[in-house]
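Working notes for the structure below.
The values are calculated or read from the model by the stated rules, or taken from the named source; none is laboratory data. Note that this is a predicted model, so its numbers are computed, not measured. Because the Cβ atoms are built from the backbone with ideal geometry, glycine has one as well, and the counts that use them run over all protein chains shown. For the accessible areas, the whole protein counts, side chains as well, though only heavy atoms, and no ligand, DNA or RNA atoms are used. Shrake-Rupley method; radii C 1.70, N 1.55, O 1.52, S 1.80 Å.
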Amino acid sequence: MLFSKNLTLQFLWLFVFIPSVFADQYPFNYQIDIQHYTFSLKLSDDTDEIMGTTSIKILFKSNDISDFRLDLANKTKERLGKGMKVSSVRSGDTQLKYQHQKDALIIKMDQLANEGELRTFIIQYKGIPEAGLEIKNNRFGDRTFFCESWPNNTRHWLPTIDHPYEKATVEFKIIAPAKYKVVSNGLLVEETLLGRNRKFTHWKQSVPVSCWLFVLGVAEFAVQKVDTFEGKSIQSWVYAKDRDSGFHDFAHLTKDVLEFFSYYVGPFAYEKLANIQSSSVASGAMETASAILYAENLITGQATERLRNIMIHEIAHQWFGNSVTETTWDDAWLSEGFATYFTMLFQEHQYGHEKYIKELKMAKKLIKKYYYSDMKFKVIDDRTAELGPVVTGMTYKKGAWFLHMLREKMGYENFKMGIRAYYKKYYNGHASTADFISEMELFTTEDLDPFLNQWLKRPEMLEIIANWSFDKKIGQINLTLTQKTSSEVLFDVPVEFELHFTDGMDPIVFEAKINTPKVSYEIPAKIKPELILADPETVLLADIRVMEER
């Protein structure tokens, strides 16, 4: 049923008076707050079409609301018949009018809603997903159903507010062929055979998350309960044909990672943690809340270092990105940069400081590579998933390096206290970069905004040429630092040098500061240094070339 022209205009007016302070071009609606989703889906081996009934509980936050919008991809010719088609929308026993076009489902209520009112809406629909839920064979040729909703593909299979700014609790009620096992967010409520060939499975998560973190996996799984952490189950879900290899690969690391992050950051938010082999992830993994999806080819039976590092990263996301979620895509580094850095922190804790430094050096090389492939990319910038990608490799690696430099700047204990305060304040909520910096400033006397702007709101890679010579007559090293950037705005940074000598002399550590195009220093020395190392402790994100003048 379609809206009249007047009703459509009413709906558009609803958003006119909500000023958008975000570069993100999603049509935010702060007049409603979704409290809970219940997704009931029927899956079949005979067709890729899904049959859906979604129940949505909404809290209204303003008066006289007549309409609201959800994201749901349309069935169209351009999609070759894929997409969703709505058959009814109701509230209680009342059938409601709706308009479904251009991937927006606009629902007209029979009575105006007012502030503080809770209403539940039931949407029935069906269709073949173009994206979001991938229905395909796994590497053994067996049929599977797995979600891949990041960043904004949830709309292709579920009616939602498809943006990180909205969080809700969720449950999935799935009817599927009996041979499959079903995994999703939260806790298993029910698993019941319906006759000989169908099974009903019900999962429920009581912790709110953004919809790109909803998870659904349906396959012929082997399932292992590996351990518990603070009374919460640690599980492995792998293809039955990969049972031995998968159970071996997922068996050991998870509890150690949960323990470390719980100690360092704060409590683990979710009711369980499942590691899941999936056909929907091309490479790497997807940090869906409480149930992480890993690319199927990561399962080898060798428990590889690559899988180990990916597991650490995705578990770190349960804290950063999942529990504390960026408010808009402009701040996606609060998810990916944090998960990358906290992977390094766990590696330092578990495998030693040398491993930590090795990871930082590898990240620095990648940052240089990313910079020269895109010299305009800023980690924090105007972004929207409605128009294109919201992250690159720079988001991960430079975001991580920023946190490393911030820890060095603040001191390790102050940094840890700041992280704990930030996580506690925004636990199961949303945060912006400004929120993060505000919390960290409580644990330092410095204004961190210049530091933030220098490293995350500018694209440049800092390059320093360090020319030196030794004047034997007066016993002096002459050191000249030249800063090279592609911008007129200069970096303001300390640079440490370590001077090594022969004859058993102890090294000299010298700290310079560069905030002009060129700066010179005179360092007393009885003999010529054999070697000068720049940034010996790996604390500065810069490409520094040390050159002796002859």
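Could you say whether any residue in region 157-175 is at positive phi, touching a residue at least 40 places away in the same chain (Cβ under 8 Å) and either touching a Lys or Arg at 6+ places or on another chain (Cβ under 7 Å) or among the polar types (S, T, N, Q) (or both)? Checked against the condition, which is being at positive phi, touching a residue at least 40 places away in the same chain (Cβ under 8 Å) and either touching a Lys or Arg at 6+ places or on another chain (Cβ under 7 Å) or among the polar types (S, T, N, Q) (or both), region 157-175 yields no hits at all. Pairing each residue of region 419-437 that is in contact (Cβ under 8 Å) with a residue 60 or more places away in the chain and open to solvent by 20 Å² or more (accessible area, probe 1.4 Å) with any residue that is part of a strand (DSSP E or B) and of a type in the set (A, V, I, L, M), provided the two are 6+ apart or on different chains, yields C-beta distances under 7 Å for TYR426/VAL324; TYR427/VAL324; ASN428/VAL207.
Looking only at region 366-398, which residues are over 15 Å from the mean Cα position of the chain (by Cα) and assigned to a loop (DSSP other than H, G, I, E, B)? Of everything in region 366-398, those that are over 15 Å from the mean Cα position of the chain (by Cα) and assigned to a loop (DSSP other than H, G, I, E, B) turn out to be ASP374, MET375, LYS376, PHE377, LYS378, ASP381, ASP382, GLU386, LEU387, GLY388.
When each of THR516, THR480 is tested for being touching a Lys or Arg at 6+ places or on another chain (Cβ under 8 Å) and either of a type in the set (Val, Ile, Thr) or part of a loop (DSSP other than H, G, I, E, B) (or both), the lone residue that passes is THR480. A count restricted to region 182-222 and to residues that are within 28 Å of the chain's Cα centre (by Cα), aromatic (Phe, Trp, Tyr) and not in a helix (DSSP H, G or I) stands at 3. Considering ALA289, ALA303, ALA282, the condition of being open to solvent by less than 10 Å² (accessible area, probe 1.4 Å) and part of a loop (DSSP other than H, G, I, E, B) is satisfied by ALA289 alone.
Looking only at residues of region 204-241 that are free of Cβ contacts under 8 Å to residues at least 40 places away in the same chain and farther than 27 Å from PHE140 by Cα, we find that the one that is surrounded by the most Cβ atoms within 10 Å (Cβ to Cβ) is LYS204. Scan region 173-209 residue by residue and report those that are charged (D, E, K, R) and touching a strand residue (DSSP E or B) at 6+ places or on another chain (Cβ under 9 Å). Of everything in region 173-209, those that are charged (D, E, K, R) and touching a strand residue (DSSP E or B) at 6+ places or on another chain (Cβ under 9 Å) turn out to be LYS173, LYS179, LYS181, GLU190, GLU191, ARG198, LYS199, LYS204. In region 450-501, the residue that is most open to solvent (accessible area, probe 1.4 Å) out of those that are of a type in the set (Phe, Trp, Tyr) and within 37 Å of the chain's Cα centre (by Cα) is PHE451. Could you tell me whether region 242-263 includes any residue that is farther than 26 Å from TYR427 by Cβ, open to solvent by less than 40 Å² (accessible area, probe 1.4 Å), among the aliphatic types (A, V, I, L, M) and not in a helix (DSSP H, G or I)? For region 242-263, residues farther than 26 Å from TYR427 by Cβ, open to solvent by less than 40 Å² (accessible area, probe 1.4 Å), among the aliphatic types (A, V, I, L, M) and not in a helix (DSSP H, G or I): present.
For region 314-322, indicate whether the set of residues that are closer than 11 Å to ALA431 by Cα, in contact (Cβ under 8 Å) with a residue 60 or more places away in the chain and among the polar types (S, T, N, Q) is non-empty. Scanning region 314-322, I find no residue that is closer than 11 Å to ALA431 by Cα, in contact (Cβ under 8 Å) with a residue 60 or more places away in the chain and among the polar types (S, T, N, Q), so the answer is no. So for region 313-325 (the condition being open to solvent by 20 Å² or more (accessible area, probe 1.4 Å) and farther than 30 Å from TYR26 by Cβ), does at least one residue qualify? No: zero hits. Each residue in region 34-76 was checked for being in a strand (DSSP E or B) and either open to solvent by 10 Å² or more (accessible area, probe 1.4 Å) or out of contact with any strand residue (DSSP E or B) (no Cβ under 7 Å at 6 or more places or on another chain) (or both), and 13 of them qualify.
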